[in-house]
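S.K.: There's a structure below that I have some questions on.
The values are calculated or read from the model by the stated rules, or taken from the named source; none is laboratory data. Please read these numbers as outputs of a predicted model, since none were measured by experiment. Quick reminder, even Gly has a Cβ in these numbers, built from the backbone with ideal geometry, and neighbours come from all protein chains shown. For accessibility, only protein heavy atoms count, side chains too; no ligands or nucleic acids. Shrake-Rupley method; radii C 1.70, N 1.55, O 1.52, S 1.80 Å.
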Amino acid sequence: MQLPKDPSNVTSALVAAFPTRLAGDVKSVLAAMPEAGLARAMPFEVEAQGETVAIPSRIYIEEPTADREEPRLAGTQQVILHRLYSRHHDGRVRQRHLEQMVASDEPWVVPFVVQLAGEYVLEIIEAIGRGLPGLTVPGSAQRRLYGEFIARNPAFFARTERRVVSYWSCHYRWKYGAFGTYPGCVLLEAFRAAVVEQVGGRWPRHAPHPAGGPG
């Protein structure tokens, strides 16, 4: 994918967050969304289905009203809408749209979910855990989906691990004295198990071991 040279071009920037084959659907979704701008924060790049996509750190776009959205969007376009609003600046909006998309088996949904796992809203982390029951099932399609993504994006996952540790230490250590009891750690271990199963071997660790022992 050719990433946008001008990040101030909202349409180009948001189209770049998806595989090329979805460009038409993304533009249809954007047409149903109110006009607004992106956050100044730089997007993060990951590989999805063999393409580099650039996902915005945050968007500042109001949600479309039901009469504007519902008659126009369905199927894949609804998933795209939820994926975009999972990057909204309001954590409650992010959670609401995450819950609508987290169970999707589309590979291009995975980086949005993993990114949210590395953020600070505990309710979102818990929602991811509820929405991915197959992540803890050996050999499941869901575990394979996430394992494949992490295997292709090791630096992104390492950054996610560090973010989980940082938010636990800053905001939740008072509630979860041991990192291993923190829901973010539980989720990280499920992701780790998925990639270990995928690659058939050990995987680098950038967070404390949940049992407090060596990696």
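S.K.: Could you give me the percent of Cα pairs per 5 Å distance bin for the chain, shortest bin first, beginning at zero and ending with the bin that holds the maximum distance?
M.R.: Answer for the chain: a P(r) of 1, 7, 15, 19, 21, 16, 11, 6, 3, 1, 0 percent.
S.K.: Got a number for the accessible area of Asp90? Probe 1.4 Å, square angstrom, nearest 10.
M.R.: 40 Å²
S.K.: For the chain, find the longest principal axis of its Cα atoms and tell me its angle to the long axis of helix 141-152, 0 to 90°, nearest 10.
M.R.: 90 degrees
S.K.: Angle between the Cα long axis of helix 183-199 and the longest principal axis of the chain, 0 to 90 degrees, nearest 10?
M.R.: Its long axis makes an angle of about 90 degrees.
S.K.: With r as the distance between the Cβ atoms of His171 and Gln49 and R0 = 22 Å, compute the FRET efficiency 1/(1 + (r/R0)^6) and round to 0.05.
M.R.: My answer for the efficiency is 0.05.
S.K.: Using a simple charge model, +1 on the beta-carbon of Lys and Arg, -1 on the beta-carbon of Asp and Glu, nothing else, what dipole does the stretch 80-215 show about its Cα centre, in debye to the nearest 20?
M.R.: Using only the charged Cβ atoms, the result is roughly 300 debye.
S.K.: Now for a different question. Among Val93, Val46, Gly75, whose Cα projects farthest towards the positive end of the dipole of the chain, with charges put on the beta-carbon of Lys, Arg (+1) and Asp, Glu (-1)?
M.R.: Highest projection toward the positive end goes to Val46.
S.K.: When the helix-only estimate is applied to the chain (DSSP H runs of n ≥ 4, each -39,500 (n - 2.57), divided by the residue count), what is the mean residue ellipticity at 222 nm, nearest 500 deg cm²/dmol?
M.R.: -14000 deg cm²/dmol
S.K.: With every protein chain kept in place and ligands, DNA and RNA left out, what is the accessible area per residue of the chain? Probe 1.4 Å, answer in Å².
M.R.: The answer is 48 Å² per residue.
S.K.: Tell me, what ³J(HN,Hα) does each residue in the stretch 44-55 have, in order and in whole Hz, if you take phi through Karplus 6.51 cos²θ - 1.76 cosθ + 1.60 with θ = phi - 60° and put x for Gly and Pro?
M.R.: For the stretch 44-55, the Karplus-derived couplings read 10, 9, 9, 9, 9, 6, x, 10, 8, 10, 10, 9 Hz, x marking Gly and Pro.
S.K.: Solvent-accessible area of Lys27, probe 1.4 Å, all protein chains present, reported in Å² to the nearest ten, please.
M.R.: In the full protein context, Lys27 sits at about 120 Å².
S.K.: Next question, about the same structure. Give me the percent of accessible area attributable to carbon and sulfur for the stretch 83-215, probe 1.4 angstrom.
M.R.: Using a 1.4 Å probe with all protein chains present, the stretch 83-215 comes out at 54 percent carbon and sulfur.
S.K.: Please arrange Met33, Met42 by accessible surface area, largest first, computed with a 1.4 Å probe and ligands excluded.
M.R.: Largest to smallest exposure gives the sequence Met42, Met33.
S.K.: Using amide H atoms built 1.01 Å from N in the peptide plane, name the residues 5+ places from Phe44, or on other chains, whose amide H lies under 5 Å from its own.
M.R.: For Phe44, the qualifying residues are Ile55, Ser57.
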